[in-house]
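Heads up, the thing below is written out as structure tokens.
The values are calculated or read from the model by the stated rules, or taken from the named source; none is laboratory data. The structure presented is a predicted model; accordingly, all values stated were derived computationally and were not measured. Neighbour counts run over all protein chains shown; Cβ positions are idealised from the backbone, glycine included. Areas reflect the complete protein model, heavy atoms only, side chains present, ligands, DNA and RNA absent. Shrake-Rupley method; radii C 1.70, N 1.55, O 1.52, S 1.80 Å.
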Amino acid sequence: MNIEIFRITIIITMLAMASYFDIFNKRLVDDRIYQISTVLGLGLLLYDNPWGWIPVIAVISITTIIGLGFFVIGAWGGADAKLLIAISVIQPFWSSPFPFEKLLIHPVVSMATFANALILAMIVCIPFAIKQRSLNVTIPFVPFFLVGYVFLILKGDLMSWIVIYGNMFL
């Protein structure tokens, strides 16, 4: 059995539960979701680390700096930062469980998920902000992580798709 299936399952479960709490629980996500998921992901990483420890530690460190940096400047909440860090611990690099897969994908899963979520949030939020005539609108960001990660699994990196297929409309 491929261990990547477990990593994908842990991340999707974590994102789904965090999205539910982010939307329906007044934007408060229970810390146990991230803690349990990160511990499970760390266990999988200790059991099977095909990438080597130096790249994994580098990815987790860079993701932690980016996640906490966005939290410190107020761009997002603590749950979003913890979510990004948890994704980097659970699945630092993309390694497909499907041998036939040839997706357009950035190898660092947390950064690809973050990029997909950011693009999707802009697509949704810019028209909403224009309609409200204000940029002071708070929208839960965790569901965008969920959709961004699912898109990453199914189709790959959204930015690559925009670059490749965006030229068709120019």
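Computed values, structure above
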{"read-out": "The stretch 133-152 residues that are open to solvent by 50 Å² or more (accessible area, probe 1.4 Å) and in a helix (DSSP H, G or I), paired with ones that are basic (Lys, Arg) and at pLDDT 85 or above (beta carbon under 9 Å, 6 or more apart)", "value": "none"}
{"read-out": "Selected residue (criterion: surrounded by the most Cβ atoms within 10 Å (Cβ to Cβ)) from residues of the stretch 74-83 that are within 18 Å of Ala115 (Cβ to Cβ) and free of Cβ contacts under 8 Å to residues at least 60 places away in the same chain", "value": "Ala81"}
{"read-out": "Any hit, the stretch 40-58, residues being assigned to a helix (DSSP H, G or I), without any contact (Cβ under 8 Å) to a residue 24 or more places away in the chain and within 23 Å of Pro143 (Cβ to Cβ)", "value": "no"}
{"read-out": "Residues of the stretch 28-39 that turn out to be in contact (Cβ under 8 Å) with a residue 40 or more places away in the chain and among the polar types (S, T, N, Q), as a count", "value": "2"}
{"read-out": "Yes/no for Thr113 being closer than 22 Å to Arg32 by Cα and either at pLDDT below 90 or assigned to a helix (DSSP H, G or I) (or both)", "value": "yes"}
{"read-out": "Any chance Thr113 is open to solvent by 70 Å² or more (accessible area, probe 1.4 Å) and within 13 Å of Tyr149 (Cβ to Cβ)", "value": "no"}
{"read-out": "Hits in the stretch 1-27 - residues which are without any contact (Cβ under 8 Å) to a residue 12 or more places away in the chain and part of a loop (DSSP other than H, G, I, E, B)", "value": "Met1, Asn25, Lys26"}
{"read-out": "Subset tally (residues that are open to solvent by 90 Å² or more (accessible area, probe 1.4 Å) and not in a helix (DSSP H, G or I)) for the stretch 28-39", "value": "1"}
{"read-out": "Residue within the stretch 161-169 that is modelled with pLDDT under 75, out of contact with any strand residue (DSSP E or B) (no Cβ under 6 Å at 6 or more places or on another chain), closer than 27 Å to Ala86 by Cβ and in a helix (DSSP H, G or I) present", "value": "yes"}
{"read-out": "From the options Ile12, Ile23, residue that is open to solvent by 50 Å² or more (accessible area, probe 1.4 Å), within 14 Å of the chain's Cα centre (by Cα) and closer than 23 Å to Ala121 by Cα", "value": "Ile12"}
{"read-out": "Leading residue by the ranking (farthest from Phe6 (Cα to Cα)) among those in the stretch 84-106 that are in contact with a helix residue (DSSP H, G or I) (Cβ under 8 Å, 6 or more places away or on another chain) and either modelled with pLDDT under 85 or open to solvent by 50 Å² or more (accessible area, probe 1.4 Å) (or both)", "value": "Leu104"}
{"read-out": "Leading residue by the ranking (modelled with the lowest pLDDT) among those in the stretch 50-73 that are within 29 Å of Asn2 (Cβ to Cβ), open to solvent by less than 40 Å² (accessible area, probe 1.4 Å) and over 15 Å from the mean Cα position of the chain (by Cα)", "value": "Gly52"}
